[in-house]
Amino acid sequence: MTSPKLAIQTELGRMYSRQVGGEATVPSITTVIGMDKMDLSGWAGYLAAKTLSEDQRLSEALSQPSKMRSLVRESAAAAERFRDSAAARGDRVHNYAEHYALRALGEPEQLEKAYAELEANNEPGFATHFEKWWEQYQVQPLATEVTVWNHSVGYAGTIDLVARIGGKVCLVDYKTKAMDREGFVKTPDDKVIMQLAAAAKAEEQVLDAEAGTWQDWPHGTDSMLLAVALGEGGSRTFMAPVQALPDYWSKFYALRRNWEAQFKIAQARASLVEITPPPQDQSPAAP
């Protein structure tokens with residue numbers, strides 16, 4: 001599923017509860033990582049300008065200020081539209097991957113429906129190359145869309161796939177990526193290493209989200225951490241570098257503390273308080 005049952009969207013990002021309908025008490029892994037914000041203003045500005053320059057209505061609008069203002073507003077929202085479109089595509093690809101794994105596990109699935117959604121959006125290539133990746137890496141699934149919890153630090157998240165690959169238990173995160181100019185699937189951002197490092201620190205996994213039952217994490221901390229970049233024209237598989245994991249974990253831990261401080265500030269509604277000048281001194285002047 002692309003929206004885990006225990007995940008709740010809040011003003012401070014996605015959070016998790018221990019049971020369906022319960023109170024959200026900890027942030028998600030991706031929410032914590034989101035505290036490390038990237039400046040995308042340059043990219044957004046470029047995309048807006050590019051969208052405007054390529055609009056076929058531009059030449060006509062140049063002599064009509066009202067139409068020009070309308071085009072500028074549309075172009076300014078290009079980055080937001082691109083982001084939303086990419087997120088929706090990612091949801092569809094993740095949904096297909098989940099149901100493919102469910103079928104392999106012999107569990108109830110809706111694979112045909114998930115494929116139909118990709119086909120309706122002219123995206124069947126993602127399914128084709130995902131299946132090729134599954135076959136080439138001889139994936140033996142253990143669980144899919146696994147919600148995990150870490151009490152020691154206070155966060156939760158959902159792992160796309162837990163599988164045995166090459167005799168090793170692997171935690172797998174799918175990243176839907178575009179193709180580059182050379183026809184290769186683009187490399188995922190290194191933040192996925194931090195995401196996987198946090199997932200590897202799982203202490204519990206949910207058994208029944210409706211009942212709110214959990215069990216100890218059965219896979220230890222020695223799993224191989226993989227990011228699989230899925231594109232319409234291929235796939236690439238990356239392993240998180242073991243030697244760098246402690247540093248990525250340290251950064252995640254610091255971001256988690258940052259999120260907690262922001263959470264407490266928001267709860268306290270702590271902000272600047274305007275004050276008035278002190279009373280004027282009315283005592284008589286000295287002779």
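Numerical summary
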read-out	value
Distance (nanometres) between label positions extended 7 Å along Cα→Cβ at Glu23 and Ser152	2.6
Helix-only mean residue ellipticity at 222 nm for the chain, each DSSP H run of n ≥ 4 adding -39500 (n - 2.57), per residue, nearest 500	-13000 deg cm²/dmol
Nonlocal amide H pairs with Gly212, under 5 Å, H built at 1.01 Å	Val20
Residue-normalised accessible area of the range 135-287, given per residue in Å² at a 1.4 Å probe	60
Percent accessible area from carbon and sulfur atoms, the chain, protein chains only, probe 1.4 Å	52
Spacing of the two label points (7 Å from each Cα toward its C-beta) at Ser59 and Lys186, in nm	3.1
Answer label for mean projected area of the Cα convex hull in nm² (calculated), chosen among (i) 15.8; (ii) 14.0; (iii) 26.6	(iii)
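The values are calculated or read from the model by the stated rules, or taken from the named source; none is laboratory data. Just so it is clear, the structure is predicted and the values come from calculations on it, not from any experiment. Every residue, glycine among them, receives a Cβ derived from its backbone with ideal geometry; neighbour counts consider all protein chains shown. Quick note on the areas: whole protein, heavy atoms, side chains included, nothing else; ligands and nucleic acids left out. Shrake-Rupley method; radii C 1.70, N 1.55, O 1.52, S 1.80 Å.
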